[in-house]
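Peer 1: The structure's right below; bear with me while I get my questions together.
Readers should treat all values here as calculations from the given coordinates under stated rules, not as data from a laboratory. What you see is a predicted model, and the numbers here were worked out from it, not measured in a lab. Virtual Cβ from ideal backbone geometry, glycine too; neighbours counted across all protein chains shown.
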Amino acid sequence: MDLSTLIEIFAPEGVWAVLSLVLIFYIIHRQDKRDERHYESMEKREAKQDSREKKYQDSIAKLADGMSDLAEMLYKKLE
């Protein structure tokens, strides 16, 4: 059922019924657009978060390798 059919149905009820109906459709339409923008921004944030997490994991791996090398050198010197 489209908006023009609903307006024809509600028109005999008065101007306020028609205006209420139009307002409801307007709110639903705006909500859909806002939801789309929200989902797009969430996807962008998730992509940034994944990239940041990968960098942190790489940094931790490098630090762990450096620490194991340092521990080996200290162990050899102590022997």
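Peer 1: Given the chain reduced to its alpha-carbon atoms as identical point scatterers, what log10 I(q)/I(0) does the Debye formula return at q = 0.15, 0.19, 0.20, 0.23 Å⁻¹?
Peer 2: So the normalised log intensities are -0.75, -0.88, -0.91, -1.00.
Peer 1: Would you kindly work out the equivalent ellipsoid of region 1-40 from its C-alpha gyration tensor and give its semi-axes, the square roots of five times the eigenvalues, largest first in whole Å?
Peer 2: So the equivalent ellipsoid measures 27, 10, 4 Å along its semi-axes.
Peer 1: Then there's this: Cα to Cα, under 22 Å, and not fewer than 8 places away if on the same chain: which lysines meet these conditions relative to residue 76?
Peer 2: 62
Peer 1: Let me ask something else. Treating only the Cβ of Lys, Arg, Asp and Glu as charged (+1, +1, -1, -1), what charge dipole size does the chain show about its Cα centre? Round to the nearest 20 debye.
Peer 2: 460 debye
Peer 1: Also: Tabulate in residue order the Karplus-calculated ³J(HN,Hα) for region 3-8, using 6.51 cos²θ - 1.76 cosθ + 1.60 with θ = phi - 60°, rounded to whole Hz; enter x for Gly and Pro.
Peer 2: 5, 5, 5, 5, 5, 4
Peer 1: Could I ask something else about it? Determine ³J(HN,Hα), in whole Hz, for all residues of region 63-73 in sequence, where each value follows from phi through the Karplus function 6.51 cos²θ - 1.76 cosθ + 1.60 and θ = phi - 60°; x replaces Gly and Pro.
Peer 2: 4, 5, 5, x, 5, 5, 5, 5, 5, 5, 5
Peer 1: On a straight-distance basis, which lysines could pair with residue 44 in a cross-link, Cα separation under 26 angstrom, same-chain partners fewer than 8 positions away excluded?
Peer 2: List returned: 33, 54, 55.
Peer 1: While we're here: So what's the net charge close to residue 51: Lys and Arg +1, Asp and Glu -1, counting the other residues with Cβ under 15 Å from its Cβ?
Peer 2: Working: positive: 44, 45, 48, 52, 54, 55; negative: 43, 46, 50, 53, 58.
Within the 15 Å Cβ shell, the charges total +1.
Peer 1: Can I ask one more? As I understand it, the dipole of the chain uses +1 on the Cβ of Lys and Arg and -1 on the Cβ of Asp and Glu, about the Cα centre. Which of 74, 42, 26 lies farthest toward its positive end?
Peer 2: So the residue furthest toward the plus end is 74.
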